[in-house]
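The values are calculated or read from the model by the stated rules, or taken from the named source; none is laboratory data. Keep in mind that this is a model prediction, so the values were computed, not measured. Heads up, the Cβs are rebuilt from the backbone with ideal geometry, glycines too, and the neighbour counts pull from every protein chain shown. Only protein heavy atoms, including side chains, enter the accessible area calculation; ligands, DNA and RNA are left aside. Shrake-Rupley method; radii C 1.70, N 1.55, O 1.52, S 1.80 Å.
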Amino acid sequence: MPVGSHLVFRAENQRVLATTPNRQRAFASAMCQIGERHGLYSFGLGDTHAHGAFTTLPNESGRLIHDARLALGAALEVRIAAPSLFPIEEGRHAQRLISYVHSQDVHHGAGLDPWREGTSLPDLLGLRIAAPWLVERVRAIAPRLRRRDLWREWGCEELESVALPLLAESAAAAGFATSEVAEALGLTLRAVQRLRLRPAAPELVRAIRLQRGLRSQAVGESMLREQRNFWYEVGDRGPRAAGGP
């Protein structure tokens, strides 16, 4: 008896789906948009294809497929073909898929998404707040999965332990005049004044902090080499061993 559905999405014209961070974020946003109600627990972009792992059973996936094709098509401005569907056979298969779908960019050697914008990794690690429900869902599916395992996919240690000296400078942004902030952000003076009166959401502050830390570590080529070494080691069994194409 399957425990979920593994879907692989492609454009009808087989084009590369997302070559820029903005398109990768649009893909992630669309997946999160439909994901909560359809049991999404992991997603990732390759080059001409994208993967999603869902708790929705294959024989109940019609609405999921319909909603996903519409959302992804609108976000990426392409016509999405009918996806390939693979049953998720049992719990261990469901757990393996989490890291498998996150690794698609590296696994295929595309090198388009070094920051994993088009995966669910940022949501699971608190670097993005688009899917606050995702962590608990993954915990239910893979209770032994640890944050350090997810950080390994970037080839680095947990960022909470990393000193972020530049954050203190950023926090001192009260030294910037409202006009300077407005110009930098492309907002009106009134909009900046209004925003300064609103309390900041703690989860958003944390996400920004982590994103700043990730980008301040000069990961560049050394991080990409770490990723490739890690994923080629676990990927030698081939895609079918992990659960899909």
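The alpha carbon centroids of the stretch 33-61 and the stretch 78-102 are separated by 7 Å.
Shape class for the stretch 1-138, computed from the alpha carbon gyration tensor (a ≥ b ≥ c): rounded, with a/c under 1.5.
Applying the criteria of a DSSP loop state and at most 15 other Cβ atoms within 10 Å to the trypsin sites (Lys or Arg not before Pro) of the stretch 7-106 yields R15, R79. Using only the Cα atoms of the stretch 24-67, build the gyration tensor, take square roots of its eigenvalues as a ≥ b ≥ c, and label the shape rounded, prolate or oblate: rounded if a/c is under 1.5, else prolate if a/b is larger than b/c, else oblate. Prolate is the answer for the stretch 24-67, as a/c is 1.5 or above and a/b outweighs b/c.
Do any GluC sites (Glu not before Pro) in the stretch 1-81 lie in a DSSP loop with no more than 14 other beta carbon atoms within 10 Å, and if so, which? Answer in residue order: E12, E77.
For the stretch 69-135, take the alpha-carbon Rg, divide it by the Kirkwood Rh, and send me Rg/Rh. The partial results should precede the final answer.
Details: Rg = 13.8 Å, Rh = 14.1 Å.
My calculation of the ratio gives 0.98.
Using the heavy atoms of the protein chains and a 1.4 angstrom probe, tell me the accessible area per residue for the stretch 33-84 in square angstrom. Intermediate results must be reported in sequence, preceding the final value.
Values: 2130 Å² over 52 residues.
Accessible area per residue: 41 Å².
Taking the accessible area of the stretch 1-120, probe 1.4 Å, and keeping the other protein chains in place, the carbon and sulfur fraction comes to 49%. For the stretch 79-119, the set of GluC sites (Glu not before Pro) satisfying both a DSSP loop assignment and a count of at most 14 other C-beta atoms within 10 Å is given as E89, E90.
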